1. Could you list, in sequence order, the residues of the stretch 30-51 that are among the β-branched types (V, I, T) and in contact with a strand residue (DSSP E or B) (Cβ under 9 Å, 6 or more places away or on another chain)?
2. Looking at (1) more than 21 Å from G191 (Cα to Cα); (2) in a loop (DSSP other than H, G, I, E, B), which is the only condition N89 fails?
3. Which residue is nearest to L146 (Cα to Cα), if the candidates are limited to the stretch 74-126 and must be β-branched (V, I, T) and under 18 Å from the mean Cα position of the chain (by Cα)?
4. Tally the residues that are polar (S, T, N, Q) and without any contact (Cβ under 8 Å) to a residue 40 or more places away in the chain, restricting the search to the stretch 152-190.
5. Determine if the stretch 128-144 includes at least one residue that is in contact with a strand residue (DSSP E or B) (Cβ under 9 Å, 6 or more places away or on another chain), surrounded by fewer than 19 Cβ atoms within 10 Å (Cβ to Cβ) and modelled with pLDDT of 95 or more.
6. Only residues that are surrounded by fewer than 21 Cβ atoms within 10 Å (Cβ to Cβ) and touching a Lys or Arg at 6+ places or on another chain (Cβ under 7 Å): list them for the stretch 187-205, please.
Amino acid sequence: MNSIYAITPPNLKLEDLIKKIKYLLDLGIDTFQYRSKDEESVKKNAAILLEVIKNQKGKLIINDFPEIALEIGADGFHLGEEDYLNKKNQNFLRKHSTLINENYITGLSCKWNLELLKNPPEELIEWNYLAVGSFFESKTKQDISLPPHEDSIKKALRISNRPIYAIGGINSENIMKLKMIGYERFAISRGLFSQEKNRIENILKINNEKN
């Protein structure tokens, strides 16, 4: 996975989403997380998006639904702690743990739970990366968790040996602030899907700059 990966917003029609994904692929973004709480929409659209992304050698991660990810041959899945603890998901992960650990990208959202970030549950599967945030107010998700205090932002980088992706409200105006703190990986939604071309390109330019 590259240092930036794109999270699809919930408000785009499939046709518009495909156009935007193709544009971002052309800019060099190669990993996408398809996020929708509607399981039927995921079943309907994920395979279509996977074909589009694979045609340009990209990767697709499915949010919340590991069973669908494996069923369509996606590259991996991303779960929140609540989704990981879901009984249906637990049974599925237990049954396919070896296959998942050997072949799929797995990510876990930790919000600002530093204990979870330090000791993520790995009784069933191993996590390839962890996500921490939100860092800023976000229009993509309503139930966001902002950092309780400034020290949490820095401490999150120190307590895990896994790749950490910063998430939540990241855009061309604030990504440099996180880079200056030490963050090197970013999961971005509106900052990539709902901004003008020059703002998107500015995110990539800033991300490529060395601290």
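The values are calculated or read from the model by the stated rules, or taken from the named source; none is laboratory data. Bear in mind the structure is a predicted one, so any value in this text is a computation, not a measurement. Virtual Cβ from ideal backbone geometry, glycine too; neighbours counted across all protein chains shown.
1. Taking the stretch 30-51 as the starting set, the residues that turn out to be among the β-branched types (V, I, T) are 31, 42, 48.
T31, V42, listed by residue number.
2. Tallying (1) more than 21 Å from G191 (Cα to Cα); (2) in a loop (DSSP other than H, G, I, E, B), N89 fails exactly one: (2).
3. To start, the set of residues in the stretch 74-126 that are β-branched (V, I, T) comprises 98, 100, 105-106, 125.
Okay, now just the ones that are also under 18 Å from the mean Cα position of the chain (by Cα), so 100, 105-106, 125.
Working: I100: 31, I105: 26, T106: 23, I125: 27 Å.
Across the stretch 74-126, the extreme among qualifying residues is T106.
4. We begin by selecting, within the stretch 152-190, every residue polar (S, T, N, Q); these are 152, 160-161, 171-172, 174, 189.
With without any contact (Cβ under 8 Å) to a residue 40 or more places away in the chain added as a condition, the list becomes 161, 171-172, 174.
Looking only at that region, the number is 4.
5. So far as the stretch 128-144 goes, yes, one or more of its residues are in contact with a strand residue (DSSP E or B) (Cβ under 9 Å, 6 or more places away or on another chain), surrounded by fewer than 19 Cβ atoms within 10 Å (Cβ to Cβ) and modelled with pLDDT of 95 or more.
6. Of all residues in the stretch 187-205, those surrounded by fewer than 21 Cβ atoms within 10 Å (Cβ to Cβ) come to 190, 194-199, 201-202, 204-205.
Of everything in the stretch 187-205, just one residue is surrounded by fewer than 21 Cβ atoms within 10 Å (Cβ to Cβ) and touching a Lys or Arg at 6+ places or on another chain (Cβ under 7 Å), namely R190.
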